[in-house]
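Read through the structure below, which is laid out as structure tokens, and then see the notes.
The values are calculated or read from the model by the stated rules, or taken from the named source; none is laboratory data. No experiment lies behind these values; they were computed from the predicted model shown. Side chains included, ligands, DNA and RNA excluded: accessible areas come from the protein's heavy atoms. Shrake-Rupley method; radii C 1.70, N 1.55, O 1.52, S 1.80 Å.
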Amino acid sequence: MCPVQLFDVVSVSYTATLASGEVIDATPEGKPLTLAIGSGRILKAVEASLLGMEPGQTKIVHIQPEDAFGPYHKGLVQEIPRDVFADHIDPRPGMILSLNLERDGANHQVPATVLAAGKERVTVDYNHPLAGRVITYAVTLHAIGN
């Protein structure tokens, strides 16, 4: 059988972990994911790692932040007045909130993680929770074709 090529439909399973060993994503046991190479259903760098593989092979791939969820930007950590939340919500560290931001004259809903919540101010982080992190994928190719 020919190895994986661009636009092939493949059946894969994977486990994605952080350097700490924490599993952040995985295909369900016994239920591989079917996708077309180049479709963008998984990270492009993971798709690219499948090229040239043959069924039965497993590959460990370390995806750098630039190819995953981007670098971590300290400027995306901001303090906002607590009264912005009024009586709608009591922000606590670890919560992920959907906040309204105005950019270029338009309102956008943006997720933010609460880092700290004081009596007067709340510190939020607009970075993706996995920004700046290397993600390791263990990818197994089960089949090529439908």
- Under 23 Å Cα-Cα from LYS31, which lysines qualify once same-chain neighbours fewer than 8 residues away are excluded? LYS44, LYS59
- Task: Take segment 28-73, drop everything but the C-alpha atoms, weight them equally and run the Debye formula without solvent; then report log10 I(q)/I(0) at 0.18, 0.30, 0.33 Å⁻¹ to two decimals.
- Result: -0.66, -1.25, -1.28
- Interchain or sequence-distant (5+) residues whose placed amide H lies within less than 5 Å of the amide H of ALA143 are SER11
- Any idea of the accessible area per residue across the chain, 1.4 Å probe, to the nearest Å²? 63
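Quick check: from the Cα gyration tensor, does segment 78-137 come out rounded (a/c under 1.5), prolate or oblate? Kindly include the intermediate steps, with their values, before the conclusion.
On the way: a/c = 2.41, a/b = 1.34, b/c = 1.80.
Cα axes put segment 78-137 in the oblate bin.
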- Task: Quick one: what are the phi-derived ³J(HN,Hα) couplings along segment 59-68, Karplus 6.51/-1.76/1.60 with θ = phi - 60°, whole Hz, x for glycine and proline?
- Result: 9, 9, 10, 9, 9, 6, x, 4, 9, 10
- Item | Angstrom value of the Kirkwood radius, inverse mean 1/r, which spans all Cα pairs in segment 3-146 | 17.6
- For ILE63, enumerate residues with amide H under 5 Å from its amide H, sequence gap 5+ or separate chain, H modeled in the peptide plane. ILE135, THR136, TYR137
- Which residues qualify? For ASP8, with a placed amide H closer than 5 Å and at least 5 residues away or on another chain, they are ILE37
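Where does the chain land at 222 nm, in deg cm²/dmol rounded to the nearest 500, when only DSSP H runs of n ≥ 4 count, each adding -39500 (n - 2.57), divided by all residues? Provide the component values of the computation, followed by the final result.
Numbers: 1 runs with 7 residues, N = 146.
About -1000 deg cm²/dmol.
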- Each residue of segment 18-31 in turn: what ³J(HN,Hα) in whole Hz from Karplus with 6.51, -1.76, 1.60 and θ = phi - 60°, glycine and Pro shown as x? 8, 4, 6, x, 5, 7, 10, 6, 6, 6, x, 3, x, 10
